[in-house]
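Peer 1: Starting off with a structure, shown below.
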Amino acid sequence: MKAYVSACPIGLFAVDEEGKIVAFKLFPKEAEQAAEKMKQFELGGLDDVGGLVRDLRGRGFEAVTSQPNKCSEFLQANMRNLAKEKGFAENDTEFNRFLGAFGAAQTKVRISVKEKRDKLIMQSVSALNDLDKILNTMSERLREWYGLHYPEYRITDHEKFAENIAKYGSREKFEKFGRSMGMTLRDEDVQLLQEYATQLKQLYDLKKKMDKYLGKIVPEEMPNTTALLGHLLAARLLAHAGGLERLAKMPSSTVQLLGAEKALFRALKEMRNQRGRGPPTGDAKVPRFGILFTHPDISGSPNEQRGKIARLLSAKVTIAARMDFYGKEDHGAELLADYKKKLAEAK
């Protein structure tokens, strides 16, 4: 029987093919140590994995450590409950505090000293992506939690929502408050909500600082690519490529599909299976673009024009990446002007 091994902020776990935990080892409860353990796991250098795998094999399991797998999906869905069941956290409040501290610690770990600036960018944007996930989780928790007290509150901005709760606490202190069907809270309930909201607001502030940081270092390392894509999309493309050198050596067709590898491999597999059995099914449709789709020129265009624009943009990005890697001279304005000219002709 197979056992799937993966890790999450609270520890290393293995589940069998039925989704049952067959082995686990918790990380330290100190957030910085847990973040370091998680970093070692992501880089393939966590010693605990070897010990867990040997234990599983001794019990007759075939250990699967490739990522992602069934265990990583299981942990994503059940981490909060596991933290309480396995004694990592006594309750949701303690776990939420750890999660917030872990996010900040993981950010520091990911942007530790690197020899190459492009590697620094890759780690920084990955940390920003991690922070986005944590913010979504914690914001949703705060929405549900505070909804018990003030279900009528209309949330249009989660950051502002957290800021207001941290500032006002009780619903009676909100502007234009009238009546509510929500439950009444005690002082200690409100205090805890305010503390949670304060930590959440601090994470939103950290996200702004990280975005500002990337806005400074990405143009320094990739001026031409940034001119075409903006600093965030340029950083994410760099991370998907695995480095500036690799991005510079890629053909434009590969650049166009960065981020859509799974869909591409699935389509190619389906096409191979369909050979000799008539035309490919709809599932075999090869993707036209990966993360470049988030560029407004592609996502904001009619569907029939997106493929043409993606090819045009990826060709320019390939030239820009090579300029950035081999020269570092800033010709971004020229590249952007030429791209815009050809874009107008293509439409």
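No value in this document is a laboratory result; all are computed from the given coordinates. No experiment lies behind these values; they were computed from the predicted model shown. Cβ coordinates were reconstructed from backbone atoms using ideal geometry, including for glycine residues, and neighbour counts include every protein chain displayed.
Peer 1: Quick one: if the Förster radius is 51 Å, what FRET efficiency do L148 and K342 give, using the C-beta to C-beta distance and rounding to 0.05?
Peer 2: 0.40
Peer 1: Using a 10 Å cut-off on Cβ atoms, rank the peptides 133-141, 239-247 from the highest mean neighbour count down.
Peer 2: The most tightly packed comes first, giving 239-247, 133-141.
Peer 1: Which one of L43, V64, A14 has its Cα pushed farthest toward the positive end of the charge dipole of segment 1-87, where Lys and Arg give +1 and Asp and Glu give -1 at the Cβ?
Peer 2: A14
Peer 1: Next up: Under a straight-distance cross-link criterion of Cα-Cα below 19 Å, which aspartates and glutamates are reachable from K201, leaving out those fewer than 8 residues away in the same chain?
Peer 2: D92, E94, D130, D132, E140, E144, D157, E159, E163, D189, D211
Peer 1: Right, something else. Quick check: convex hull of the Cα atoms in the chain, volume per residue, rounded to a whole Å³?
Peer 2: So the per-residue hull volume is 202 Å³.
Peer 1: Taking amide H positions as placed 1.01 Å from N in the peptide plane, with prolines and chain starts having none, which residues 5 or more places from K86, or on another chain, fall under 5 Å of its amide H?
Peer 2: The list, which skips near neighbours in sequence, is empty: none.
Peer 1: With point charges of +1 on the Cβ of Lys and Arg and -1 on the Cβ of Asp and Glu, referenced to the Cα centre of segment 111-221, which listed residue (G169, S126, Y146) lies farthest in the positive direction of the dipole?
Peer 2: Highest projection toward the positive end goes to S126.
Peer 1: Enumerate the calculated ³J(HN,Hα) couplings along segment 295-306 in order (Karplus 6.51 cos²θ - 1.76 cosθ + 1.60, θ = phi - 60°), each rounded to whole Hz, writing x wherever the residue is Gly or Pro.
Peer 2: Values per residue, Gly and Pro as x: 5, x, 5, 8, 5, x, 9, x, 4, 6, 9, 5 Hz.
Peer 1: Still on this structure, I have one more. Could you work out [θ]222 nm for the chain from helices alone, using -39500 (n - 2.57) per DSSP H run of at least four and dividing by all its residues? Round to the nearest 500 deg cm²/dmol.
Peer 2: -21000 deg cm²/dmol
Peer 1: Taking the Cα centre as origin and putting +1 on Lys and Arg beta-carbons and -1 on Asp and Glu beta-carbons, what dipole magnitude results for the chain, to the nearest 20 debye?
Peer 2: 1140
Peer 1: How big is the gap, in Å, between the Cα center of segment 307-347 and the Cα center of segment 156-215?
Peer 2: Centre-to-centre distance over Cα atoms comes out at 43 Å.
Peer 1: What distance in nm separates the two pseudo spin-label positions at Q191 and K212, each 7 Å out from Cα along the beta-carbon direction?
Peer 2: Those two pseudo-labels are separated by 3.3 nm.
Peer 1: Also, quick follow-up: Which whole-Hz ³J(HN,Hα) couplings does segment 47-64 yield from phi under the Karplus relation 6.51 cos²θ - 1.76 cosθ + 1.60, θ = phi - 60°, glycine and proline marked x?
Peer 2: After applying 6.51 cos²θ - 1.76 cosθ + 1.60, I find 4, 4, 4, x, x, 5, 5, 4, 5, 5, 5, x, 9, x, 8, 9, 7, 10 Hz.
Peer 1: Provide the per-residue ³J(HN,Hα) series for segment 83-100, in order, calculated from phi with Karplus coefficients 6.51, -1.76, 1.60 and θ = phi - 60°, each as a whole number of Hz, with x at glycine and proline positions.
Peer 2: Coupling constants for segment 83-100: 4, 7, 5, 8, x, 6, 9, 6, 7, 4, 4, 5, 5, 4, 5, 4, 4, x Hz.
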